[in-house]
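Trainee: Handing you this structure, nothing more for now.
The values are calculated or read from the model by the stated rules, or taken from the named source; none is laboratory data. Here the structure is a predicted model, which means the values were calculated and not measured. So basically every Cβ, Gly included, is an ideal-geometry build from the backbone, and we count neighbours across all protein chains shown.
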Amino acid sequence: MAKKASRPLVYVADKPDTGPAHAITQARIKAAAKRHPGIFNRVDIRYGLDPKDLSRAEIVLGVAFDPLTLKADAPNLKWIQSLNAGVEKLAPKLDRSFMLTNASGLHGPKGGEFGLTCMLVLNHAVQSFVGSQRERKWNPVFTTPIEGKTVVVAGTGGLGHAVAVQAKRHKMTVIGINTTGKKVPGFDRVVKAKDMAKVLPRADFFVVALPITKGTENLIDRTAIGHLPNHCGIVNLGRARVMDYGAMAERLRAGTLLGAVCDVFDPEPLPSGSPLWDVPNLIVSPHAGVDDGSVYVDRGLDIFADNLKRYLSGRKLKNLVNLDAGY
């Protein structure tokens with residue numbers, strides 16, 4: 001009688017200090033197994049309690065490992081599923097024999113709504129009212145509805161697309177910026193990143209939804225920020241190093257931008273001594289804007305379950321990251 005093949009081992013690499021909104025718990029995996037019957041019982045799942053399990057793992061779920069030593073630590077490893085959309089801390093350091101998939105699209109519902117919220121806050125001068133309140137000043141600012149205004153969105157992936165969908169519901173004009181300039185549903189127009197100077201002057205709002213890669217680091221530089229009109233509001237939901245925060249802060253201090261909401265910083269948490277805390281009309285959001293704390297992991301495990309089904313049947317995985325490009 002032929003020996004029965006062993007099931008692939010999935011090693012759950014979760015940090016012990018992960019907060020409840022992001023923890024990959026046994027209870028959540030059991031719930032995912034119920035939502036996706038017949039998938040999880042085809043693998044052997046270990047929860048990172050024994051380092052020896054990593055040496056036998058074929059699949060890693062999570063990112064609590066040393067990417068530089070992973071090849072030696074996990075000689076049988078073939079595939080890593082991250083529950084993060086951004087994988088800039090992993091991709092450059094991983095052995096090129098590994099497959100890495102991310103959780104692109106995970107932030108869509110919450111991120112799109114938060115992006116719209118930020119635009120509405122800026123449009124209706126809430127940032128100005130907060131500043132005036134701190135100074136105990138009565139300073140009325142009368143604004144107009146957001147309908148008909150233009151938002152330029154840098155990044156047309158899952159998060160940028162979610163912002164575009166929300167903007168279109170308010171009858172805004174939506175212009176996208178990506179690498180290729182290829183048309184994307186939900187956007188009225190898309191331009192290549194190298195041509196962004198042509199559309200930035202049209203922006204009533206400029207939303208950044210880009211990952212950090214070799215091609216995007218400091219992409220929104222001093223020159224790009226200089227192309228934004230004085231009435232423009234900035235929202236950064238992507239990564240801090242994509243944008244020159246120093247140049248943005250200078251314009252905010254000079255009063256030549258409407259305001260800004262930034263959900264990402266480098267480093268994080270933002271140090272108490274950072275001058276960004278005191279920039280007028282800048283709202284500091286502590287990297288909590290796009291994650292839905294109630295279903296973040298559940299939605300990530302749904303992405304994993306779909307990919308696991310594909311992996312076990314030998315099909316191409318979704319959200320496969322180009323390790324050299326970083327996304």
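Trainee: On the given criteria, is D95 within 27 Å of T216 (Cα to Cα), touching a helix residue (DSSP H, G or I) at 6+ places or on another chain (Cβ under 6 Å), surrounded by fewer than 16 Cβ atoms within 10 Å (Cβ to Cβ) and at pLDDT 95 or above? Break it down into steps so the answer makes sense when it comes.
Mentor: Numbers: within 27 Å of T216 (Cα to Cα): yes; touching a helix residue (DSSP H, G or I) at 6+ places or on another chain (Cβ under 6 Å): yes; surrounded by fewer than 16 Cβ atoms within 10 Å (Cβ to Cβ): yes; at pLDDT 95 or above: yes.
Yes: the conditions hold for D95.
Trainee: Now a separate question. Please verify whether region 104-121 includes one or more residues that are within 27 Å of V60 (Cβ to Cβ) and basic (K, R).
Mentor: Yes, region 104-121 contains a residue that is within 27 Å of V60 (Cβ to Cβ) and basic (K, R).
Trainee: Moving to a separate point now. Scan region 162-189 residue by residue and report those that are within 20 Å of the chain's Cα centre (by Cα), of a type in the set (V, I, T) and part of a strand (DSSP E or B).
Mentor: V174, I175, I177, listed by residue number.
Trainee: Being under 21 Å from L312 (Cα atoms) and surrounded by 15 or more Cβ atoms within 10 Å (Cβ to Cβ) is the filter here, so list the residues in region 64-80 that pass it. Walk me through it before giving the result.
Mentor: Of region 64-80, the ones under 21 Å from L312 (Cα atoms) are 74-80.
Of everything in region 64-80, those that are under 21 Å from L312 (Cα atoms) and surrounded by 15 or more Cβ atoms within 10 Å (Cβ to Cβ) turn out to be A74, L77, W79, I80.
Trainee: Can you tell me which residue in region 268-318 is surrounded by the most Cβ atoms within 10 Å (Cβ to Cβ), limited to those that are free of Cβ contacts under 8 Å to residues at least 24 places away in the same chain and of a type in the set (A, V, I, L, M)?
Mentor: L270
Trainee: Yes or no: V151 in a loop (DSSP other than H, G, I, E, B), closer than 23 Å to H107 by Cα and within 19 Å of the chain's Cα centre (by Cα)?
Mentor: no
Trainee: Continuing with this model, one more query. So which helices (runs of 4 or more DSSP H) are wholly in region 29-126 and hold at least 3 residues that are over 23 Å from the mean Cα position of the chain (by Cα)?
Mentor: Working: elements: 51-56, 70-73, 108-123.
Here the list reads 51-56, 70-73.
Trainee: Given the residues D17, D53, which is the only one that is among the acidic types (D, E) and either on the phi > 0 side of the Ramachandran plot or surrounded by 14 or more Cβ atoms within 10 Å (Cβ to Cβ) (or both)?
Mentor: D53
Trainee: Next question. For the condition within 30 Å of E88 (Cβ to Cβ), out of contact with any helix residue (DSSP H, G or I) (no Cβ under 6 Å at 6 or more places or on another chain) and among the polar types (S, T, N, Q), what is the one hit in Q127, Q133, Q166?
Mentor: Details: Q133 fails: within 30 Å of E88 (Cβ to Cβ); Q166 fails: out of contact with any helix residue (DSSP H, G or I) (no Cβ under 6 Å at 6 or more places or on another chain).
The conditions single out Q127.
Trainee: So which of A260, A325 is surrounded by fewer than 19 Cβ atoms within 10 Å (Cβ to Cβ) and small (G, A, S)?
Mentor: A325
Trainee: If you don't mind, there's one more thing I want to ask. I'd like to check something: does region 239-253 contain any residue that is over 14 Å from the mean Cα position of the chain (by Cα), modelled with pLDDT of 95 or more, more than 25 Å from V163 (Cα to Cα) and of a type in the set (A, V, I, L, M, F, W, C)?
Mentor: No - not one qualifying residue is present in region 239-253.
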